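The values are calculated or read from the model by the stated rules, or taken from the named source; none is laboratory data. Just so we're clear, the structure is a prediction, and the values are computed from it rather than from any experiment. Here the Cβ positions follow ideal geometry from the backbone for every residue, glycine too, while neighbour counts run over all protein chains shown.
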Amino acid sequence: MSCGCNDHIDPLIPQIAVVKSIRSDTNDVSTFRVEKPEGGKCFDFKPGQCAMVSVPPIGEAIFSITSSPTETEFMEFSIKRCGKVTEFLHNLEVDTEIGVRGPYGNNFPVNEELIGKDLLFIAGGIGLAPLRSVINYVMDNRKDYGKVDIVYGARTSGDLVHRNEIFANWPAGMNTNVHLTVDREEEGWEGNVGFVPNYVKDLKFDTNKVALVCGPPIMIKYVLLGLEELGFKKDQVYTTLELKMKCGIGKCGRCNIGDKYVCKDGPVFRCDEIQQLPDEY
Amino acid sequence: MKKITEEKLPELYSHISQNHDLFVPIDQDDSVNFSLWKDGANVNFDVLKTNTSPKKYIFPQCETFFNFKSEGKKLTIERIKSEEKPYVVFGVRPCDAKSFRLLDNVFLSEPMDRLYEEKRNRGIIVSMGCNEPEDTCFCNSFSILPNSIQEGVDVFTLKLGNKIFWEAISENGVELTNKLSDLLDDVTEGDLKEIEIAKSQVNEKVKELPFSNIDPNEINRDLNELFQSKIWDEISKSCIGCGSCTFVCPTCHCYDIQDYDGNKSGERYRCWDSCMYSEFTLMAHGNPRTTQKERFRQRFMHKLVYYPNNFDEYACVGCGRCVGKCPVNMNITKVIRKLGGENQ
Ligand SMILES: Cc1cc2nc3c(=O)[nH]c(=O)nc-3n(C[C@H](O)[C@H](O)[C@H](O)COP(=O)(O)OP(=O)(O)OC[C@H]3O[C@@H](n4cnc5c(N)ncnc54)[C@H](O)[C@@H]3O)c2cc1C
Ligand code: SF4
Ligand code: SF4
Ligand code: FES
């Protein structure tokens, strides 16, 4: 939106968007499909980038765009209920208008470092949201990438999100394997049982690939250790960092780790870059 | 260069006020603060440190930036129309003038902050040099001389006795000066001599100030080493996290965004926030800065290491406001010293 003259975009003013559908994935995660009132995607973005979602008068919160940039008609967010804004979003009715601004942050290097490589995606819980954008982008440009492995886990099978993709679409993809795990034994569960970091080690991946890891901080920490044990080097592994955000554009001073602002210089970091940062995340 | 005598200043204020909002340091309720000039206002140029800094004119403590209305499923958002009237801030000290430029680095870099830009472009900065720096001043530690003309100021003034010297610096400054030409006199050879002497005197005076040996350039700026330094445990102990130092600081730029709920219609505003507060970084899954030590470290690492890494300048101008305001007598000079930023 403009400030009155056409070439001055004010980055803090959201554009109006419509929630076209809300799909309940789990007890506390739903996926929201959002488009412009006149139809179509609100703005272009790259896999891994985020957007600020506004629900006045409750406020704003930042979310990864979980749909792929190859999707031209809409954007999707998978949102976990955990506070004021997310609670409000979960109670919205379809066709309600909200505000959206973005895209913010950097992206996974899908057209640079990842091209031609075997890819290993590792996600825990809602951490699948940002990776899903990359995975679907890769699926839509399948010949540009090598073998794809997706390791995904949650506390229970009921906590797995994007079930259609993890159970049907992705396993059916060319040269693509999906490895699912849940924390504890469950009746009727045929996949693996155990925590994601252990499962990754059990799967004994060769190291001739790039790994992309997203999930709760504690899972990320142990997955990175596990990958290192398998022989992965730090510059072969990408992850995302999460800090409190308000402006999304590197000005409100809230999301820094050392001299980097996660909203602008992140959220995607290569692990050798993270190693340079002070330990405050 | 021009000049005007102190007695004629009210006339000058009145003249400027015809077309501008004029902000000057005004003595009111026992403190001197930049405020809107009105006839009869008690203007005070003797107190160097206004209670809060003039950054509030480019980055207000609280500003609404859009109104919204939700009716049924419909949402409308209307940006607040920006004020058009130009303003003049008269009496901005060199340290505060420098702070404007430091804020520019943050707000005017892409993507540009339009709220800030609009205010910045509407303003004319009439800076004023200092002859009697106070004991808490250490501008010199950041290479700011008390009578220097900082980049970005439109007019530079110097008050000697009952004379105020007036020098237009920028195009906007020349334009303003031309409008005031009836009130301004030419300077004499003697005046120039007087200015010269005053300048060299103040340059000597700053060398004698209590903080004059503070030198941030002496700090070894290895980010991780400083971050892990043991001094933070000890030096942060007394800090009660009140945030005063951040609110009076001319270079602090952290802000919060909130909605005001007027029952289906309301406004979104932003307001100053402080990295000294525990909720500043609180998230659903925890807080990366759990104790006051981490928050305290953030404030000073930002000013002395993080910001300089990004912009090649320190984010402190040595105005000394935080020195006077901290209830437990902690401040950036002590931190700089602890980090080794001291000339022997
Ligand atoms: C880069 C990035 C990407 C993200 N992507 C996603 C995503 O794809 N999906 C997703 O679901 N989330 C994502 N998040 C997280 C998301 O931004 C937060 O969940 C969201 O901001 C929560 O907003 P809220 O208003 O609902 O919560 P808030 O109301 O702000 O509360 C958040 C948490 O803080 C606690 N809290 C709030 N205020 C206080 C207080 N005063 N005292 C004590 N506790 C308090 C609440 O209990 C709650 O647990 C992402 C975050 C980042 C930084
Ligand atoms: S840190 Fe203190 S001395 Fe430095 S600019 Fe801020 S208020 Fe002034
Ligand atoms: S340093 Fe002093 S003024 Fe700043 S937050 Fe701590 S106690 Fe308050
Ligand atoms: S969210 Fe404001 S600086 Fe990153």
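Brief remarks follow.
- Residues satisfying the stated conditions in region B:59-93, i.e. more than 12 Å from B:PRO250 (Cα to Cα), within 23 Å of the chain's Cα centre (by Cα) and not polar (S, T, N, Q): B:CYS62, B:GLU63, B:PHE65, B:GLU83, B:GLU84, B:LYS85, B:PRO86, B:TYR87, B:VAL88, B:VAL89, B:PHE90, B:GLY91
- Condition broken by A:ASN111, with the remaining ones in (1) buried (at least 22 other Cβ atoms within 10 Å of the Cβ); (2) free of Cβ contacts under 8 Å to residues at least 40 places away in the same chain satisfied: (1)
- Just one of (1) part of a loop (DSSP other than H, G, I, E, B); (2) modelled with pLDDT of 95 or more; (3) within 16 Å of ligand 3 (Cβ to nearest atom) fails for B:GLU313. It is (3).
- Test result for B:TYR255, within 22 Å of B:SER229 (Cα to Cα) and crowded, with 18+ Cβ neighbours inside 10 Å: no
- Reported count of residues in region B:108-130, each being surrounded by fewer than 20 Cβ atoms within 10 Å (Cβ to Cβ) and over 25 Å from B:SER17 (Cβ atoms), is 5.
- Residues of region B:247-277 that are at pLDDT below 90 and either among the polar types (S, T, N, Q) or not in a loop (DSSP other than H, G, I, E, B) (or both): B:ASP261, B:ASN263, B:SER265.
- Note on region B:10-88: enclosed strands (runs of 3 or more DSSP E) holding 2 or more residues that are within 14 Å of another protein chain (Cβ to nearest Cβ) and of a type in the set (Asp, Glu) are B:62-71.
- Some residue of region A:57-66 being closer than 24 Å to A:ALA211 by Cα and of a type in the set (A, V, I, L, M): yes
Yes or no, residue by residue, for (1) within 7 Å of chain A (Cβ to nearest Cβ); (2) buried (at least 21 other Cβ atoms within 10 Å of the Cβ); (3) not polar (S, T, N, Q):
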position	(1), (2), (3)
B:ARG270	no, yes, yes
B:THR281	yes, yes, no
B:LYS293	no, no, yes
B:GLN298	no, yes, no
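- Residues of region A:260-281 that are farther than 18 Å from B:TYR307 by Cβ and hydrophobic (A, V, I, L, M, F, W, C): A:VAL268, A:PHE269, A:CYS271, A:ILE274.
- Enumeration of residues in region B:183-209 that are over 19 Å from B:GLY91 (Cα atoms) and in contact (Cβ under 8 Å) with a residue 24 or more places away in the chain: B:ASP185, B:ASP186, B:VAL187, B:ASP191, B:LEU192, B:GLU194, B:GLN201, B:ASN203, B:LYS205, B:VAL206, B:LYS207, B:LEU209
- Among residues of region B:231-246 being outside any loop (DSSP other than H, G, I, E, B) and closer than 21 Å to B:CYS137 by Cα, the one that is farthest from the chain's Cα centre (by Cα) is B:SER244.
- For region B:259-316, a residue qualifies if it is in contact (Cβ under 8 Å) with a residue 40 or more places away in the chain and aliphatic (A, V, I, L, M), and the qualifying residues are B:MET301, B:LEU304, B:VAL305, B:ALA315.
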